[in-house]
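Please treat every number below as a calculation from the coordinates, not as lab data. All values derive from a computational prediction rather than experimental measurement. Because the Cβ atoms are built from the backbone with ideal geometry, glycine has one as well, and the counts that use them run over all protein chains shown.
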């Protein structure tokens, strides 16, 4: 064989392999979504930068694009739809700031495969209009249907935070503010129950849509019971369970199942505020309320008088309380124990080991455990605590 001819063939082969590799790489990395947007009402002197923040698993991805001739564009790859936040900032006369009425505002949407279009007037991103995305269309319809409920929840939470701010003012009537907060909490709890009912009905009727899976995940994260969420998850169509959010929800439900009603409460051991070692198993043969709280948690402090009253009323009926504090500062914890008159054993769980054992992600939270060590009820607040204790300890005797 001619050596020069052989070398030419090798060279051509290398080139072909490089091209093939390049094409393969391009196919793998090619964008599978585009988000093209239009903003109206922009002044020629305004320099607008649009921001797109989204989560890929637990990783926050942040992209930005300059607005050119009133339009912007993003593109990338997603395996499953991801929840995203669209916002913008404006630079006028050399100063960076959020644009007027839209300061601090975002527009939430799903980024999914395909070509998505969005448009809104400058200063009114809340009224953005989307097209080209079936998932976002479903989201908009549901949000329109539940807009009144969402507004009511927003207003009641805003009212709660305002009262909470006043609690730090020594010139305010603390007792009156605490009474006001209790009323707001009662309204909030009622609205939360309505929201969970609305969400669960939608999921039950639409078990084959990604939006239903997302709605179920969010509702479970915000207070839907394990029993209800798990039942609805079983109805979700199988392919959806293989998405990233489906896998995460399945894992969350599996953790919650271990501390669901009827399950054996996990054992733990920690020293209490006096240095005495406390184990959950030492309460066998008695009823015990494992109460998760912290000195810095305003709703927890609001609930403490209810727990104190229940302890006083039912102590003679083999009822006990065991406090689990998430405090970081030991002295703040000790002061709160004294101020709130929490006379029962309290342990400090500052590394959240017990919280994780009981899958507690928000406080206040509690678990009523029976003499056999099994969980009877969860998250009994206000009047619900006394009603359950009366049912369990007094009725039928």
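With both labels modelled 7 Å from their Cα along Cα-to-Cβ, the residue 235 to residue 171 distance reads 5.4 nm. Helices in the chain, meaning DSSP H runs of at least 4 residues, each add -39500 (n - 2.57). Divided by all residues, the mean residue ellipticity at 222 nm is -14000 deg cm²/dmol. Were the residues from residue 257 through residue 45 laid out at 0.36 nm apart, the gain over their Cα-Cα distance would be 70.6 nm. Multiplying each eigenvalue of the alpha-carbon gyration tensor of the range 33-133 by 5 and taking the square root yields semi-axes of 23, 14, 12 Å, largest first, rounded to whole angstroms.
For the pair residue 58 and residue 157, label points projected 7 Å from Cα toward Cβ lie 2.3 nm apart.
Relative to the longest principal axis of the Cα atoms of the chain, the long axis of helix 244-257 lies at roughly 10 degrees.
Seen against the Cα atoms of the chain and their longest principal axis, helix 134-145 is set at about 40 degrees.
Peptide packing for 301-308, 273-280 was compared via the average number of neighbouring C-beta atoms within 10 Å per residue; ordered from the highest value, the list is 301-308, 273-280.
Maximal additional length on extending the residue 164-residue 350 stretch stands at 64.5 nm, based on 0.36 nm per residue less the C-alpha distance. The orientation-averaged projected area of the convex hull spanned by the Cα atoms of the range 146-257 comes to 8.3 nm². Extension gain, residue 198 to residue 335: 0.36 nm times the residue separation minus the Cα-Cα distance gives 45.1 nm. Normalised by the number of residues in the range 325-375, the mean separation of alpha-carbon contacts (under 8 Å, six or more apart) gives a relative contact order of 34 percent. Could you tell me the distance between the Cα centroids of the range 47-74 and the range 378-397, to the nearest Å? Here the answer is 52 Å between Cα centres. Answer with a single label: of (1) 22.5; (2) 25.4; (3) 26.8, which was calculated as Kirkwood radius over Cα pairs in Å from the structure in view? Only one option fits the structure, namely (2).
Among beta bridges identified by DSSP and lying wholly in the range 269-394, the antiparallel ones come to about 55 percent. Relative contact order, whole percent, for the range 269-394 stands at 33, derived from Cα pairs under 8 Å and 6 or more residues apart. Distance between the pseudo-spin-label points of residue 393 and residue 145 (7 Å out from Cα toward the beta carbon): 4.3 nm. Nearest 5 percent is fine: what portion of the DSSP beta bridges confined to the chain is antiparallel? Antiparallel bridges make up about 70 percent of those DSSP assigns within the chain. Computed from Cα atoms, the angle from the helix 330-339 axis to the main principal axis of the chain rounds to 40 degrees.
When only Cα pairs below 8 angstrom with a gap of at least 6 residues are kept, the chain shows a relative contact order of 10 percent.
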